[in-house]
1. Condition first: more than 15 Å from Arg233 (Cα to Cα) and either within 12 Å of the chain's Cα centre (by Cα) or buried (at least 16 other Cβ atoms within 10 Å of the Cβ) (or both). Now tell me which residues in segment 163-186 satisfy that.
2. Quick one: Gly62 ticks every box in (1) assigned to a loop (DSSP other than H, G, I, E, B); (2) surrounded by 14 or more Cβ atoms within 10 Å (Cβ to Cβ) except a single one, so which number is it?
3. Are there any pairs with C-beta distances below 7 angstrom linking a residue in segment 17-38 that is hydrophobic (A, V, I, L, M, F, W, C) to a residue that is at pLDDT 90 or above and surrounded by fewer than 17 Cβ atoms within 10 Å (Cβ to Cβ), with the two at least 6 apart or on different chains, and if so which?
4. Consider segment 213-227. How many of its residues are at pLDDT below 95 and either aromatic (Phe, Trp, Tyr) or farther than 30 Å from Gly46 by Cβ (or both)?
5. Pull out all pairs, ordered by first then second residue, where Cβ-Cβ is under 9 Å, the residues are six or more apart or on different chains, the first lies in segment 130-149 and is in contact (Cβ under 8 Å) with a residue 60 or more places away in the chain, and the second is of a type in the set (Phe, Trp, Tyr).
Amino acid sequence: MATPTASRWSMPPERAVLLSRVINIVALLGLIGVLAGSLHLQFGVGEQPCPLCIVQRSGMVGLAVGPIMNLLWGMSPRHYALSILAAVVGAAGSTRQILLHIADPADPGYGPAVFGWHLYTWALVTFIVAVVGCALLIMWQAPFQAGDRGVLHDVHPLRPLVAGLIVWLSLLVIIWVFIDLAVIGVYILPECGLGECPDDPANTAGLAEPLGWIAVLSAGVVSAIIALVLERRWRSRQASGA
């Protein structure tokens, strides 16, 4: 009786890979949302990131490495392990910042609170969820056994419309992460120079709303356009190869 039950609940390799890709895309969208909030705080509100904030942003970008590698080169436990390592580093920065403000009961905390918690507390929650999520995905062996080589090299071809949508979404989130990374890297130099970053950087004049959100979300528009162009080229190569 055990064998029929196992086969009944087993998932075909192509579906396992598709579901894994969707999970990785959603995870990247979540990370992009967190980064968008922090970038809006910097450019829209004008509150510059502290050194520990930069550590946590770096941890968020590091979290994205695993899903990006999964989408480009195929599902692998090693890719999830890289994200777990990045989450540990980011969580250390979040925990350090939380403890610094807990040490002084009169300390109101750094930055605005969202639903009663400061952003570094939400960052710690994000890192913990990421570690648990990656651990659960590592235990799911089906996508690793399917011979996946990434969205651009499908071993188990999907329907053209679905395949094109997955490629476009994958490229969109990957490009968006790299744009955010470039913005974060470029704006660290004016704040920190070649030395240590100030513990309490001076705030700047932020963009008037809704210009703050428009500036932050414009990276998504640019990413969508570039991803669409690349997806069209991929589709043409697929058609010519067929």
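The values are calculated or read from the model by the stated rules, or taken from the named source; none is laboratory data. Predicted, not measured: the structure shown is a model, and the values here were computed from it. All Cβ positions, even for glycine, are placed from backbone atoms using ideal geometry, and neighbour counts span all protein chains on display.
1. First pass over segment 163-186, keeping only residues more than 15 Å from Arg233 (Cα to Cα): 173-186.
Across segment 163-186, the qualifying residues are Val173, Ile174, Ile175, Trp176, Val177, Phe178, Ile179, Asp180, Leu181, Val183, Ile184.
2. (1)
3. Ala36/Leu217
4. Residues that pass the stated criteria total 1.
5. Gly133/Tyr80; Cys134/Tyr80; Leu137/Tyr80; Ile138/Tyr80; Ile138/Phe144; Asp148/Trp73; Arg149/Trp73
Rundown of residues vs (1) touching a strand residue (DSSP E or B) at 6+ places or on another chain (Cβ under 8 Å); (2) hydroxyl-bearing (Ser, Thr, Tyr); (3) not in a helix (DSSP H, G or I), yes/no style:
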site	(1), (2), (3)
Leu72	no, no, no
Ile84	no, no, no
Val89	no, no, no
Ser94	no, yes, no
His101	yes, no, no
Thr121	no, yes, no
